[in-house]
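See below for the structure under consideration.
The values are calculated or read from the model by the stated rules, or taken from the named source; none is laboratory data. All figures in this text were calculated on a predicted structure; none of them were measured in a lab. Backbone-built Cβ (ideal geometry, glycine too); neighbour counts: all protein chains shown. Only protein heavy atoms, including side chains, enter the accessible area calculation; ligands, DNA and RNA are left aside. Shrake-Rupley method; radii C 1.70, N 1.55, O 1.52, S 1.80 Å.
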Amino acid sequence: MKKLLCPIFLLVTFFTYAQSNTEVYLGDLSTSNGKTTLTNLRNISKNPGYDNQPSFNGNSEILFARTRHDQTDIAQYSIESGGTSWVNDTPGGGEYSPLKIPGADAISAIRLDTTGLQRLYRYEMKSGTSQPILKDAKVGYHVWYSDTVLVHTILTENRMDLVVSNLKDNTSHTVQKNVGRALHKIPNTDLVSYIAKDETPWQVKSIHPTTGATALLTNLPQGVEDIAWLPDGQILVPFGDLIYTFLPESEGSPATISLSDLGELGTISRMAVSPDGNYLALVAEEHPGKIVQKQVDSYNAGDLDAFVNCYSENVLVAKFPNDTLYVGHERMRSNYNGLSPDNKQYDVEVVKRITIGNKVIDHEKVTNTNGTIVQMQIALYEVSNGTIDSMTFIFDQESPNPETIVQEQLDAYNNRDIEGFLETYTDDIELFNFPSQRRSKGKEEMRKGYGGYFESTPDLNCEIKNRMVIKNIVIDEEYITANGNNFSAVAIYEVSDGKIAKVTFLR
């Protein structure tokens, strides 16, 4: 059994169908010498609003939920023709989580009526007519084990429970309390996988719907809600702009598929693999950089409403690292009350931008109407569900250049020179996960962590993709190679008296 534990925190959506701006993408999968690659990623929904929950109808068609006319219906995309058609048009409600029903020219989907009633329905492909499958059950998510056996979740108080229903003899029984939304038939087995949330970390388990036998397959990184399976038994786990791939029984490090080179995508929320393993459909939110740029453009246009609406209702505005300035829309409107097209005092220009996961770091130049620079600042934004949840500022002031010592520690890191590396830090150096979760304090703790890592990682290398320098702070966007894998990170170095006194990591 493989334990996959990663130090990252993702925001979790709990069995609600959030109407954020999401898109469905399709990519080509291939596996060679045990390594899986994803290419030719393209947007197949291209639709403002909610496009989500893809599943494959055979190997050449994709079903997904799509917004039109202020409701969500079921769409079907043809890989061969590139065209999209509609399966249904249900007034007074919307459909979610469409799946092909085995052995029938029909699909199943969750119908959420405008009255709040939520039920599982069957839809005929040719006529679009529908009828309920489970009349009295408030189904959250489902997967077909056979044409008569359904594995699904039931909404119960503040959780979901896993239920197996036999439609032939009209029986149902609960097999696990407190589970996630990802239900999948495991290829080439008689098993269904699900995510158990009754322990931390969350676990991927399997169940045999006929015998009821369950087994633990792997642990998940914190907050991960979705997985997918390849035909060869590999599991796919989305994590920021990466997808981990591994066999659950493997003890080695997982391989990674990086999406950063395939286009500007936000957080991945859903995945589906075609039965033949040739295609991956995934759902991603609007890229955080686009959302942040929208608020910059709204500010520069003097559009107060558009500017404020780029932020969540309870947005947190702070001074780095976590000194709260104010919270919420009302206070933000008060602070920017004079913003209008005819009464605008400043313009903001983004000099440099770093995007890491759901975080965007902008080096910004603020000028007055005469074009004079009045302020240089760093703004660190956290984005989720299509809006900015927090904005943290670092303001400029005169300070000795801190870049020299940061570059020295980078050179020592790449040379795996532990003594030279530690020499660049203060004796009481502190390492944090953003914004203020302390990882370690003091050189000796760093020596324990980095010493063995340097010795065991001969290919270790850190390449700086972007660097910002302001005040006594250096912010590096780093591309790291370690043990044959690559990943991106951001490090915020704070320098005091010529040494690095504090480092804050973002992933």
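Structure summary
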{"item": "Rounded accessible area per residue of the stretch 268-357, 1.4 Å, Å²", "result": "47 Å²"}
{"item": "R0 of 41 Å, Cβ-Cβ distance ASP276-ILE464: FRET efficiency to nearest 0.05", "result": "0.50"}
{"item": "Computed magnitude of the charge dipole of the stretch 235-304 (debye, nearest 20; Cβ of K, R +1, Cβ of D, E -1)", "result": "120 debye"}
{"item": "Helix-only [θ]222 nm of the chain, DSSP H runs n ≥ 4, -39500 (n - 2.57) each, per residue, nearest 500", "result": "-3000 deg cm²/dmol"}
{"item": "Gained length - TYR479 relative to ASP105, 0.36 nm times residue gap less alpha-carbon distance", "result": "129.8 nm"}
{"item": "Counting DSSP beta bridges with both ends in the chain, the antiparallel % (nearest 5)", "result": "95 percent"}
{"item": "Carbon/sulfur fraction of accessible area - the chain, other protein chains in place, 1.4 Å, %", "result": "45 percent"}
{"item": "Rounded Å value of the spacing that divides the Cα centres of the stretch 431-507 and the stretch 122-146", "result": "50 Å"}
{"item": "Length-normalised contact order for the stretch 298-417 - Cα pairs under 8 Å, 6+ apart - percent", "result": "23 percent"}
{"item": "Contact order normalised by residue count of the chain, Cα under 8 Å, 6+ apart, percent", "result": "10 percent"}
{"item": "Computed lengthening from GLN437 to ASP113, 0.36 nm per intervening residue step minus Cα-Cα distance", "result": "112.4 nm"}
{"item": "For the stretch 205-214, Karplus couplings with θ = phi - 60° (6.51, -1.76, 1.60), whole Hz, Gly/Pro x", "result": "10, 10, 9, 8, x, 7, 8, x, 5, 10"}
{"item": "Set of the stretch 301-327 residues, backbone N closer than 20 Å to the point 7 Å along the Cα-Cβ line of PHE395", "result": "316-327"}
{"item": "Spacing of the two label points (7 Å from each Cα toward its C-beta) at THR156 and VAL366, in nm", "result": "5.3 nm"}
{"item": "Computed E for LYS499/VAL149 - FRET, C-beta separation, R0 56 angstrom, nearest 0.05", "result": "0.30"}
{"item": "Accessible area of the stretch 164-225 divided out per residue, in Å², using a probe of 1.4 angstrom", "result": "46 Å²"}
{"item": "Sites ASN40 and LYS290, calculated FRET efficiency, Cβ-Cβ separation with R0 22 Å, nearest 0.05", "result": "0.50"}
{"item": "Cut-off under 5 Å, modelled amide H: who pairs with ILE500 long-range", "result": "TYR425, THR426"}
{"item": "Average Cα contact separation per residue, the stretch 208-251, under 8 Å, 6 or more apart, as relative contact order %", "result": "26 percent"}
{"item": "Positive-pole candidate from ILE429, MET391, PRO402, dipole of the stretch 384-438, charges at beta carbon", "result": "MET391"}
{"item": "Accessible area per residue, Å², the stretch 419-464 with all protein chains present, probe 1.4 Å", "result": "55 Å²"}
{"item": "Filter on LYS46/LYS290; LYS100/LYS205; LYS290/LYS359 - keep pairs with C-alpha separation over 20 Å", "result": "LYS100/LYS205"}
{"item": "Exposed GluC sites (Glu not before Pro) absent: longest stretch of the chain, with sites in DSSP loops and at most 14 other Cβ within 10 Å deemed exposed", "result": "265-397"}
{"item": "Dipole magnitude of the stretch 383-507 about its Cα centre (Cβ charges: Lys, Arg +1; Asp, Glu -1), debye to nearest 20", "result": "420 debye"}
{"item": "Difference of contour (0.36 nm per residue) and Cα-Cα distance, ALA215 to ASP190", "result": "7.7 nm"}
{"item": "Anisotropy class of the stretch 295-430 from Cα gyration tensor, a/c 1.5 cut", "result": "prolate"}
{"item": "Separation in nanometres of the label points that stand 7 Å from Cα toward Cβ, at GLU199 and THR174", "result": "2.0 nm"}
{"item": "Magnitude of the charge dipole, the chain, Cβ model with Lys/Arg +1 and Asp/Glu -1, debye to 20", "result": "1140 debye"}
